[in-house]
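Novice: Attaching a single structure in structure tokens format; questions to follow.
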Amino acid sequence: MSNHALENAARALKNARCAMAFTGAGISVESGIPPFRGPGGVWSKHDPEKFEKGYFKRHPDEVWPLLKEIFFDMIGRAQPNPAHFALAELEYRGKLAGIVTQNIDSLHQAAGSTVVHEYHGSTRRMQCMKCRMFFDSHSIPLDKLPASCPACGGLLKPDFVFFGEGVSSEVHRAATDLAKQSDLCLIIGTGGQVMPAGRIPYIVKKHGGTLIEINLHDTDYSYTTSDYFLQGKAGTMLPKLTQLTLE
Ligand code: APR
């Protein structure tokens, strides 16, 4: 990828009135969290059907060990990488209004970002499917599964979106509002295959905004929608883009 494209993208970001970021699993790969799709992806090892809400309710003994292995153990060890820190720096320097992330790993917040709309929720909380109470995940022991409610003994479900489950309306609205206000969107580490999250960049585009895509491989956005496609690892590309933008 030529430096020319990077410089042009940095100029666009520097001149943006209101820039946002739309992130997916690819931004956390260099933190040790595998993506869902592509080589080594979670869905190449596990059947996504098991993470459908109805299946989970019918087979909690089967699904909870998978949830622990894939999400809680992995995310528990993960640290933000230079890509997360670059976005936090852009926000700190007033060049990024906020992030809409599909990730549930809380790494944007751990890196210092404060405006983060978690479209698919996060691993930070669990909710009892019987009494509806919420619990901090750190307070729930995962050595005895399925995880059960400390208050009523009901089945606990992690507070992130399963297949077949809707997105929380307040997050959906906040994310959509941010996209409508933005005249530039960084698309980082996502192919936008899952809706309605994947439509966020199209909202920015529809309102005349500019799209800068940073992805390891090309995606459905790359040759039809993105104005700039910076192909490479987010942990390498984003700090370079940030440095050129802030200098
Ligand atoms: N740097 C940048 N991009 C990367 C990197 C990297 N180091 N590694 C992988 N990628 C790219 C891949 O090329 C791919 O385009 O990140 C993208 C990851 O795509 P997915 O695994 O499909 O992740 P995502 O788009 O976030 O998935 C959306 O699907 O299963 C659901 O709820 C889940 O939130 C998730 C949603």
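Novice: Please list, in chain and number order, the residues 5+ apart from residue 184 or on another chain whose amide H is under 5 Å from its amide H, with Hs placed from the backbone.
Specialist: 18, 20, 210
Novice: If each of residue 8 and residue 199 carries a label point 7 Å out from its Cα toward its Cβ, how far apart are those two points in nm?
Specialist: Each label point is offset 7 Å from its Cα along the Cβ direction, giving 3.0 nm.
Novice: Along its three principal axes, how long is the range 111-151 when you only count alpha carbons? Whole Å, largest extent first please.
Specialist: Its Cα atoms span 33, 21, 15 Å along the three principal axes.
Novice: Applying 1/(1 + (r/R0)^6) with R0 = 41 Å to the Cβ-Cβ distance of residue 59 and residue 224, what FRET efficiency is obtained, to the nearest 0.05?
Specialist: Numbers: r = 40 Å, r/R0 = 0.97.
Rounded to the nearest 0.05, the efficiency is 0.55.
Novice: Provide the net charge surrounding residue 13, with neighbours chosen by a C-beta distance below 14 Å and charges set as Lys +1, Arg +1, Asp -1, Glu -1. If you can, show how the numbers build up before the last one.
Specialist: On the way: positive: 11, 14, 17, 93, 95, 240; negative: 7, 89, 91, 183, 213, 227, 247.
Around residue 13, the charge tally is -1.
Novice: For 133, 20, what ranking results if the residue with the fewest other Cβ atoms within 10 Å of its Cβ goes first?
Specialist: Numbers: 133 14, 20 25.
By the 10 Å Cβ count, ascending, the order reads 133, 20.
Novice: Could you tell me how many degrees, from 0 to 90 and to the nearest 10, lie between the Cα long axis of helix 3-15 and the main elongation axis, the longest principal axis, of the Cα atoms of the chain?
Specialist: It works out to around 80 degrees.
Novice: In a shell of Cβ-Cβ distance under 15 Å around residue 150, excluding residue 150 itself, what net charge do Lys and Arg (+1) and Asp and Glu (-1) give?
Specialist: Numbers: positive: 125, 130, 132, 144, 157; negative: 136, 143.
Surrounding charge for residue 150 is +3.
Novice: Kindly provide the pair-distance distribution of the range 37-186 built from C-alpha pairs, with 5 Å bins from 0 and whole-percent values in order of increasing distance.
Specialist: Each 5 Å bin holds this share of Cα pairs: 2, 9, 15, 20, 19, 16, 11, 6, 3, 0.
Novice: A follow-up question, please. Between the helical axis of 82-92 and the dominant principal axis of the chain, each derived from Cα atoms, what acute angle in degrees is found, rounded to the nearest 10?
Specialist: Roughly 70 degrees, rounded to the nearest 10.
Novice: Run the numbers on the chain and let me know its relative contact order in percent, using alpha-carbon pairs under 8 Å that are six or more apart.
Specialist: 26
Novice: For residue 192, what charge total do you get from the other residues with a beta carbon under 14 Å from its beta carbon, if Lys and Arg give +1 and Asp and Glu give -1? Before the final figure, lay out each step's value.
Specialist: Numbers: positive: 37, 199, 205; negative: 213, 218, 220.
Residues close to residue 192 contribute a combined charge of 0.
Novice: As a check on your grasp of the helix formula, calculate [θ] at 222 nm for the chain: sum -39500 (n - 2.57) over DSSP H runs of n ≥ 4, divide by the residue count, round to the nearest 500.
Specialist: Values: 9 runs with 80 residues, N = 247.
About -9000 deg cm²/dmol.
Novice: What's the extension gain from residue 206 to residue 114 if we count 0.36 nm per residue and subtract their Cα-Cα distance?
Specialist: Values: separation 92, 0.36 × 92 = 33.12 nm, distance 2.64 nm.
Stretched fully, the residue 206-residue 114 segment lengthens by 30.5 nm.
Novice: Compute the helix-to-body angle for 234-246: its Cα long axis versus the longest principal axis of the chain, expressed 0 to 90° and rounded to tens.
Specialist: Long axis of 234-246 versus the principal axis of the chain: about 40 degrees.
Novice: For a quick check: sort 59, 4, 172 by the number of other beta carbons within 10 angstrom, fewest at the front. The partial results should precede the final answer.
Specialist: Working: 59 12, 4 8, 172 16.
In order of increasing Cβ crowding within 10 Å: 4, 59, 172.
Novice: Which of 85, 39, 3 sits farthest toward the positive end of the charge dipole of the range 1-124, with +1 on the Cβ of Lys and Arg and -1 on the Cβ of Asp and Glu?
Specialist: 3
Novice: Would you please give the FRET efficiency between residue 49 and residue 129, computed as 1/(1 + (r/R0)^6) with r the Cβ-Cβ distance and R0 = 25 Å, to the nearest 0.05? The partial results should precede the final answer.
Specialist: On the way: r = 19 Å, r/R0 = 0.76.
Once rounded, the FRET efficiency stands at 0.85.
Novice: For the chain, give the magnitude of the charge dipole about the Cα centre (Cβ charges: +1 Lys/Arg, -1 Asp/Glu; no others), in debye to the nearest 20. Don't jump to the answer; show the numbers that get you there.
Specialist: Working: 26 positive and 25 negative charges, 83 e Å.
Charge dipole of the chain: 400 debye, to the nearest 20.
Novice: Could you calculate, for the range 130-247, the ratio of the Cα radius of gyration to the Kirkwood radius, expressed as Rg to Rh? All intermediate terms of the calculation are to be shown ahead of the outcome.
Specialist: Working: Rg = 19.2 Å, Rh = 17.2 Å.
Reported Rg/Rh (Cα atoms, Kirkwood Rh): 1.12.
A short reminder: the numbers here are calculations on the coordinates, not readings from a lab. These numbers come from a predicted model, not from an experiment. Quick reminder, even Gly has a Cβ in these numbers, built from the backbone with ideal geometry, and neighbours come from all protein chains shown.
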